[in-house]
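To start, the structure itself, in structure tokens.
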Amino acid sequence: MEYAILGGGALGLMAGYRLAQAGHHVMVFERENIAGGLAGGFHVGDDGEAWLEKFYHHLFRSDTTAIATIKELGLGERLAWSHPRTVTLTEGKIYQLDSALSLLQFSPLHFVERIRLGAVIAFLKVTNSAPLEGKTAAPWLRRWTGKRAYEVLFEPMLTAKFGAMYEQIALPWLWARFHDRTTYLGYVRGGFQLVYEKLVEKIHAAGGKVLLGTRVDKVEQGQDERWQVQTSAGTWTFDRVISTLPTRLTCRLVPALPQDYRNKYEWGQAYGAQCLILALDRQLTDTYWINICDPGYPFTGLFAHTNFRPAGEYGGRHLVYLGNYRPMDDPLFKMSKEEILQGFLPHLKRIRPDFEPEWVKESWLFSAPFAQPIVTTDYREHIPPLHTPLKGLWVANMFQIYPHDRGQNYSFDLANRLVRSVILSASEGSLAGQRSFAGAQDDKARGSRL
């Protein structure tokens, strides 16, 4: 069969790869000029060989599907693991907070408060999310970790990430942040872009195509039940369409989706992501990940990538991400890179007092819409099924990985589940057609005998 896949991120490329493996013809349409979606990268380094992600990325030990995929693609020898330092900035000081021992030494909380917090974290690590359904994170944390721990650690992080929506975030979302994560982090040497380049290569080798820099404008079904996909590069016809775009965007592109489907699934909010990346001529900090729990910072967190991977891999550049999640109409997304630099750089002096703007030799600014779903308690009721009411149209996106948070691992896993469902559906349809044909032949035979 001929498949159109809308979106060339982790999910779309993995689905295309699996369908191509199964012998189907695949065309993947991606608006950006590079594959990978939110995990996509750009070249950094004097030799132009190393890739750096536009938005900071790593793997956890629990990301078993992603690890297996990387090995399957022949990139397993590039997968490196380390235990980079993670800290919390609160009350003007930096505290390591990435292990049971560092928690016991976390002086902003009294000893009993530390024990209580440790017990809550241990509970979230070992339990499943089912008992937490219907609860919101903020009041649950206030009750079980205590007022002081909540105010020092959790409230600042929730408000920095979700702004005015922080009180509405569902507890299962928070559960996933603790349950799924490990202190050992993995990275593909040379950048995760190598994974997506390899997937594109595999799709092409199987006879499929990945059209980059191609915007999808409209998707319509003809009377013969085949699908027309209108794009900025032309119009193609397919047997089936898989949209890995946000459900809201899919609804815009497919006018035929019925109103009851739209009422239930064209729902909810998502924030956009923005990252300002700095290339410095020296090390800014000895830490990979800084959770910022002090007020007044214009960015949610600071992530020093070259404390995770060596600066030598990037021509000696010391690379730092300053990340944000904001409503998509936030003025930040309309500001120029120069305006953002002017607003952000002075705050680096709060982290390192001798910092000077002259240390910054290069900088890049990236943003993406629909990057962080706002997971409220009624979110689960509005997760769309993979198959839409329209024959031959499927949807799969990060809104369906609940209660887990966005990530390459869950995109690959969802792609595998999607393709199994699509192929099973095709097999059942083919079997039903064969039965119908056989029945018609039997009827014809009986008629001729009569």
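Quick one: 3J(HN,Hα) in Hz for segment 193-203, Karplus 6.51/-1.76/1.60 with θ = phi - 60°, rounded, Gly and Pro as x.
The phi angles translate into 4, 4, 5, 6, 5, 5, 5, 4, 4, 5, 5 Hz.
Amide H to amide H under 5 Å from SER62: which residues, 5+ apart in sequence or cross-chain, H placed 1.01 Å off N in plane?
Under 5 Å from the amide H of SER62: THR182.
If we count every other residue with Cβ under 11 angstrom of ARG252's Cβ, Lys/Arg +1 and Asp/Glu -1, where does the sum land?
+1
Please give the contour-minus-distance gain from GLU338 to ALA164: 0.36 nm per residue of separation, less the Cα-Cα distance, rounded to one decimal in nm.
Value of the extension gain: 59.9 nm.
For the chain, what is the calculated [θ] at 222 nm in deg cm²/dmol (nearest 500), taking -39500 (n - 2.57) for each run of four or more DSSP H residues and dividing by its residue count?
Result for the chain: -10500 deg cm²/dmol, rounded to the nearest 500.
Expressed as cubic angstrom per residue, what is the convex hull volume of the alpha carbon set of segment 1-57?
Once divided by residue count, the hull of segment 1-57 is 90 Å³.
Computed from the coordinates I sent, Rg and Dmax of the Cα atoms in Å equals one of [x] 24.3, 99; [y] 25.0, 88; [z] 22.4, 75. Tell me the label.
[x]
Points 7 angstrom from Cα along the Cβ direction at ALA256 and TRP144: gap in nanometres?
Spacing of the two 7 Å Cα→Cβ label points: 4.7 nm.
Return the FRET efficiency for the residue pair ASP47, LYS71: r is the Cβ-Cβ distance, R0 is 22 Å, and the value is rounded to the nearest 0.05.
The value I calculate is 0.25.
What does the net charge come to around ILE67 if you take all other residues with beta carbon closer than 14 Å to its beta carbon, with K and R at +1 and D and E at -1?
Residues close to ILE67 contribute a combined charge of -2.
Taking H as built 1.01 Å from N, whose amide H comes closer than 5 Å to the amide H of ARG317, not counting residues under 5 places away?
For ARG317, whose amide H was placed from the backbone, there are no distant partners under 5 Å.
Identify which of ALA176, ALA22, ALA273 has the largest mean-square fluctuation in a Gaussian network model of the chain, with springs joining Cα atoms closer than 10 Å.
Greatest mean-square fluctuation among the candidates belongs to ALA22.
For the chain, build the charge dipole from Cβ charges (+1 Lys, Arg; -1 Asp, Glu) around the Cα centre, then report which of THR306, PRO389, LEU280 sits farthest towards its positive end.
Selected residue: PRO389.
Please list, ordered by chain and number, the residues whose modelled amide H lies under 5 Å from the amide H of LYS218; skip anything fewer than 5 residues away on the same chain.
GLN230
Cα centroid distance between segment 179-203 and segment 1-41, in Å?
For segment 179-203 versus segment 1-41, the Cα centre distance is 16 Å.
For an R0 of 60 angstrom, estimate the FRET efficiency from the Cβ-Cβ distance between ASN416 and LYS349 and round to the nearest 0.05.
0.80
Of the residues LYS209, LYS198, LYS391, which exhibits the maximal mean-square fluctuation in a Gaussian network model of the chain defined by a 10 Å Cα contact cut-off?
Ranking LYS209, LYS198, LYS391 by mean-square fluctuation puts LYS391 first.
Name the residue farthest towards the positive end of the dipole of segment 25-148 from the options HIS25, LEU101, GLY40, assuming +1 on Cβ of Lys and Arg, -1 on Cβ of Asp and Glu, about the Cα centre.
Highest projection toward the positive end goes to LEU101.
Assigning unit charges at the beta carbon (Lys, Arg +1; Asp, Glu -1) and nothing else, what dipole magnitude in debye, to the nearest 20, does segment 198-275 show about its Cα centre?
260 debye
With only Lys, Arg, Asp and Glu charged, each at its Cβ (+1 for the first two, -1 for the last two), find how big the charge dipole of the chain is about the Cα centre; round to the nearest 20 debye.
Around 980 debye, computed over the chain.
With both bridge residues required to lie in the chain, what share of the DSSP beta bridges run antiparallel, to the nearest 5%?
Percentage antiparallel, nearest 5: 70.
Pop out the ³J(HN,Hα) list for segment 112-118 in order, Karplus 6.51 cos²θ - 1.76 cosθ + 1.60 with θ = phi - 60°, rounded to Hz; leave Gly and Pro as x.
Taking θ as phi minus 60°, the curve returns 5, 5, 5, 4, 4, 5, x Hz for segment 112-118.
Could you derive backbone 3J(HN,Hα) for segment 271-286 from the dihedral phi with the Karplus parameters 6.51, -1.76 and 1.60 (θ = phi - 60°), listing whole Hz in sequence and x where the residue is Gly or Pro?
9, x, 10, 9, 10, 9, 10, 10, 10, 9, 8, 7, 6, 7, 8, 9
Every read-out reported here was derived from the displayed coordinates using simple, explicitly stated rules and does not represent laboratory data. Predicted, not measured: the structure shown is a model, and the values here were computed from it. A quick note on method: Cβ atoms are made from the backbone with ideal geometry, for glycine too, and the neighbour counts reach across all protein chains shown.
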